[in-house]
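Q: The following block contains the structure, expressed as structure tokens.
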Amino acid sequence: MIRDLYIKANASGGGGGTEWVRPTGWLALDTVGVGTEKFSGLFAIYETQKNVNTIFLATPAAGTNIINWGDGTTQVTAGFTLYTKVYDYSTIVSPVLVDVSGLNYKMVVVNINMTGITQLYIDRNTTATVIGNNRVLGWLDIAVDCSTMTIFVPSNAAFSVLLQRLLIYNVGVTISGNAFFLQMPSLRILKFPFEKLQATNQTFTNNFGDCRDENNLPININLSINTGSGYNVLNNSHLTELGNITAPLTNSFQTFLFNSILLKKVGNIDASAAGNLVSTFAQCVKLTGIINVTTSATLTNIYNVIGGCFLVDGLIISDCTNVTNTTIALNACKNLKTLILTGLTRGITVDDCLMEATEINAFFTSLGTAVGSQTIFIRRNPGSATCDTTIATTKGFTVVIV
């Protein structure tokens, strides 16, 4: 086999925290925007790999929609059907690019008329002999608009590790987001209708890329209709910065950003209906600034909420009135200077932080009245010896400063 040895363009890789620019060598997508009812995606065809593209569509009726595979062939849809396309690299007419690992690839632009479609899967297996399991998908860039689509699965059994941009302009009344961003570490630009996510657990899990919105600004997340669980929403992400989060989740805000070890900054958090903040930001070892969380009397548990966040400057939780579990809430938060836990009635350990007397007094002032025998440990802080412990003791707490 004769290999292509020349390079016409070098596509930018994922990650890095810099502003993303679409590689000039990439083929242009069709125009997609609100009201277009269209899917357009750039698919990489590799010189030395199997190039299998699988698409499942739930269509309103046979013959209603057409898939243009981008290699000169089309397929008329036939209802609830899985379509499989095997590309031949040698017959694809496009520039030859080289990816970050040095592999040559060509490209096709796949277009689908999305009128009336309710489900779209672009990662379905057919048989292991044709595709193999745990395969890498060739998608690089995707834009889709479909006002009737309630299920869209771009990454599930397979891995969309190449995908750098995903623009979703419109979906149905709700959209399922379960495991939506599984294995998308290269994702750099995301437009997603977060406000239409239906109630679900584990919405975005495992290797969510360091991405921004379509304007290259930090992503704001508004889960306004999601009344289910926020468990594991963005855990293990590659995000370096995130905007404001509105998440009125009645079940939990548990491990929302757990182990997102590259995250440096996050906006304000509205978790006004959350029952717990268990390990919400735990192990975000590069996170800085003051974490500000709006809560309500529904909150009962802040176990390990910012545990392992070595660089966090402060934590403000607006309503801790009914919190009963504060175990290791502030574990290893060595840079903590500000702490406001409004209405807290239980003991807590605030040892080995950087709180001055003024900040410790403000923390004491934010406390509620202790329920039974409760102890606050505030040892080895710069202000431990000079703070006004009477602010807390008059509320029934025992304060340990040495």
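Q: Any residue at all in segment 357-373 that is under 24 Å from Val293 (Cα atoms), in a loop (DSSP other than H, G, I, E, B) and β-branched (Val, Ile, Thr)?
A: Keep residues of segment 357-373 that are under 24 Å from Val293 (Cα atoms), which gives 357-371.
Keeping just the survivors that are in a loop (DSSP other than H, G, I, E, B) gives 367-371.
Then keep just the ones that are β-branched (Val, Ile, Thr); that gives 369, 371.
There is at least one residue in segment 357-373 that is under 24 Å from Val293 (Cα atoms), in a loop (DSSP other than H, G, I, E, B) and β-branched (Val, Ile, Thr).
Q: Then there's this: Residue check, Thr36 against (1) hydroxyl-bearing (Ser, Thr, Tyr); (2) modelled with pLDDT of 90 or more; (3) part of a strand (DSSP E or B), all met but one. Which one?
A: Failed condition: (3).
Q: Turning to a different aspect of this structure: Look at Val323 and say whether it is of a type in the set (Val, Ile, Thr), open to solvent by less than 20 Å² (accessible area, probe 1.4 Å) and either within 24 Å of the chain's Cα centre (by Cα) or closer than 20 Å to Ala271 by Cβ (or both).
A: Working: of a type in the set (Val, Ile, Thr): yes; open to solvent by less than 20 Å² (accessible area, probe 1.4 Å): yes; either within 24 Å of the chain's Cα centre (by Cα) or closer than 20 Å to Ala271 by Cβ (or both): yes.
It is true that Val323 is of a type in the set (Val, Ile, Thr), open to solvent by less than 20 Å² (accessible area, probe 1.4 Å) and either within 24 Å of the chain's Cα centre (by Cα) or closer than 20 Å to Ala271 by Cβ (or both).
Q: If I filter segment 85-117 down to residues being in contact with an Asp or Glu (Cβ under 8 Å, 6 or more places away or on another chain), assigned to a strand (DSSP E or B) and closer than 10 Å to Gly70 by Cα, which single residue comes out as least open to solvent (accessible area, probe 1.4 Å)?
A: Val108
Q: Report, ordered by the first and then the second residue, all pairs with beta carbons closer than 6 Å, sequence separation of six or more or different chains, a first member in segment 167-193 that is over 16 Å from Asn222 (Cβ atoms) and modelled with pLDDT of 90 or more, and a second member that is open to solvent by 10 Å² or more (accessible area, probe 1.4 Å) and among the basic types (Lys, Arg).
A: From residues that are over 16 Å from Asn222 (Cβ atoms) and modelled with pLDDT of 90 or more, the pairs are Leu167/Lys191; Ile189/Arg165.
Q: Taking the condition of being of a type in the set (D, E, K, R) and modelled with pLDDT of 95 or more, how many residues in segment 48-87 meet it?
A: Looking only at segment 48-87, we keep the residues that are of a type in the set (D, E, K, R), and these are 50, 71, 85.
Filter once more, so that each one left must be modelled with pLDDT of 95 or more: 71.
The qualifying residues number 1.
Q: For segment 374-402, which positions are part of a loop (DSSP other than H, G, I, E, B), under 40 Å from the mean Cα position of the chain (by Cα) and under 16 Å from Leu344 (Cβ atoms)?
A: Within segment 374-402, just Ile378 meets the criteria.
Q: Out of the residues in segment 251-289 that are in contact with a Gly (Cβ under 8 Å, 6 or more places away or on another chain) and part of a strand (DSSP E or B), state the one that is surrounded by the fewest Cβ atoms within 10 Å (Cβ to Cβ).
A: Lys265
Q: State all residues of segment 300-320 that are within 23 Å of the chain's Cα centre (by Cα), crowded, with 19+ Cβ neighbours inside 10 Å and in a loop (DSSP other than H, G, I, E, B); if no residue qualifies, say none.
A: Within segment 300-320, Ile302, Tyr303, Asn304, Val305, Ile306, Gly307, Gly308, Cys309, Val312 meet the criteria.
Q: Of all the residues that make up segment 22-46, how many are buried (at least 18 other Cβ atoms within 10 Å of the Cβ) and more than 15 Å from Trp139 (Cβ to Cβ)? Reasoning before the result, please.
A: So in segment 22-46, the residues buried (at least 18 other Cβ atoms within 10 Å of the Cβ) come out as 26, 29, 32, 36-45.
Okay, now just the ones that are also more than 15 Å from Trp139 (Cβ to Cβ), so 36-38.
Of the residues in segment 22-46, 3 are buried (at least 18 other Cβ atoms within 10 Å of the Cβ) and more than 15 Å from Trp139 (Cβ to Cβ).
Q: When you look at Thr327, is it in contact with a Gly (Cβ under 6 Å, 6 or more places away or on another chain) and assigned to a loop (DSSP other than H, G, I, E, B), yes or no? Steps first, please.
A: On the way: in contact with a Gly (Cβ under 6 Å, 6 or more places away or on another chain): no; assigned to a loop (DSSP other than H, G, I, E, B): yes.
In short, no.
Q: Name the one entry in Thr365, Thr386 that is farther than 23 Å from Ala297 by Cβ, out of contact with any Pro (no Cβ under 7 Å at 6 or more places or on another chain), open to solvent by 40 Å² or more (accessible area, probe 1.4 Å) and β-branched (Val, Ile, Thr).
A: Details: Thr365 fails: farther than 23 Å from Ala297 by Cβ.
Just one listed residue meets the conditions, Thr386.
Q: Yes or no: Gly72 surrounded by 15 or more Cβ atoms within 10 Å (Cβ to Cβ), of a type outside the set (Val, Ile, Thr) and closer than 30 Å to Val100 by Cβ?
A: no
The values are calculated or read from the model by the stated rules, or taken from the named source; none is laboratory data. Fair warning: this is a prediction, and the values are worked out from it, not measured in the lab. So basically every Cβ, Gly included, is an ideal-geometry build from the backbone, and we count neighbours across all protein chains shown. Just the protein is used for accessible areas: all its heavy atoms, side chains included, with ligands, DNA and RNA removed. Shrake-Rupley method; radii C 1.70, N 1.55, O 1.52, S 1.80 Å.
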